[in-house]
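A short write-up of the structure that comes next.
The values are calculated or read from the model by the stated rules, or taken from the named source; none is laboratory data. Because the structure is a prediction, the values reported are computed rather than measured. Neighbour counts run over all protein chains shown; Cβ positions are idealised from the backbone, glycine included.
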């Protein structure tokens, strides 16, 4: 059937001639990194003797570029009932899973040209990044007083015409006051927000749903309590939807945090404690890392905070970052899957054993689009494993499962 997408350059859809010439369009979307685009097209001689597309205003520095994709065919993914809207709740993905989706919205930042004799096999590669680049063009020194982290994020997003997501205010930090610790910014706006997000256990990213230019800024905890928007099957002889899966788990990550800090408001010698073994995230399986491995691993956190509650938030943030101990990499075709994957979606792997079957979050997606095909390389993460059946040997015996 071929791919079903459009590319918008400088606010205008690419003409058919250009679209047919494109060798490939690749888009990478991630929960914790900027989205990027790479466009490759052949270079030839124009009627005037110049090289084509090199000086085209549509590929000039900071020219706008967007890619809108739609799932083709009926697919075999088995979209979960009531999933419409679930994607929107999962870190700013489009409304209904089957809707047209703007998978990239940003700016041209770089060109690379490969030339060969007579321009045969010569290629122009255009590279771009999402709208977070606008927030990276000036390094600043600024003091923020009497504001929470979410208030800062909302203010900064607003300066760039980016709509703050409503869920940004959830799980917010305490107010940073002048008589305790104000908040100092030393760096670009996006670098500052990503630092705040990491220490608060949140994800900072900018995305659009289905309309280029309608951008939403997310500064929030990944949402894991919704229903999966589709099933992914590898071995179903009739309804398989993914081409391959590579799975791994890593038991060398912390499961507990011991946190200590002295407070301006408390002169006691022991200071505040914020010990925790809970990340605060919804588990995507029945066994967290400590239960899965049968062993705990504790790290020590020392942070400058103003309350025990804030210290506990910092400790939970450590476990949120390290708690993704299960990882899955795979490849799927949009037409076969029946859906365009987006970072932040919840999906369900089926038929791959009790440990790994279940709900996962899509962390990264690398789209490769040609006229013939739209394929996706994806990374899924999970913070809990399934519960294998009782066994005296094998994996169950190794992990002490009874």
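Things worth noting here:
- Checking 169, 207, 216, 163 one by one, the residue that is free of Cβ contacts under 8 Å to residues at least 24 places away in the same chain and either surrounded by 18 or more Cβ atoms within 10 Å (Cβ to Cβ) or in contact with a helix residue (DSSP H, G or I) (Cβ under 8 Å, 6 or more places away or on another chain) (or both) is 169 and no other.
- Of everything in region 172-187 that is outside any loop (DSSP other than H, G, I, E, B) and surrounded by 14 or more Cβ atoms within 10 Å (Cβ to Cβ), the residue that is farthest from the chain's Cα centre (by Cα) is 176.
- Residues of region 315-343 classified as assigned to a strand (DSSP E or B) and either surrounded by 24 or more Cβ atoms within 10 Å (Cβ to Cβ) or touching a helix residue (DSSP H, G or I) at 6+ places or on another chain (Cβ under 6 Å) (or both), total: 2
To keep it simple, each residue is scored yes or no on (1) more than 28 Å from the chain's Cα centre (by Cα); (2) modelled with pLDDT of 90 or more; (3) in a loop (DSSP other than H, G, I, E, B).
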| residue | (1), (2), (3) |
| --- | --- |
| 228 | no, yes, yes |
| 237 | yes, no, yes |
| 251 | no, yes, yes |
| 279 | no, yes, yes |
| 283 | no, yes, yes |
| 295 | yes, yes, yes |
| 306 | yes, no, yes |
| 310 | no, yes, no |
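- Yes/no for residue 251 being surrounded by fewer than 16 Cβ atoms within 10 Å (Cβ to Cβ) and out of contact with any helix residue (DSSP H, G or I) (no Cβ under 8 Å at 6 or more places or on another chain): no
- None of 358, 351 is touching a strand residue (DSSP E or B) at 6+ places or on another chain (Cβ under 9 Å), in contact (Cβ under 8 Å) with a residue 60 or more places away in the chain and surrounded by fewer than 18 Cβ atoms within 10 Å (Cβ to Cβ) except 351.
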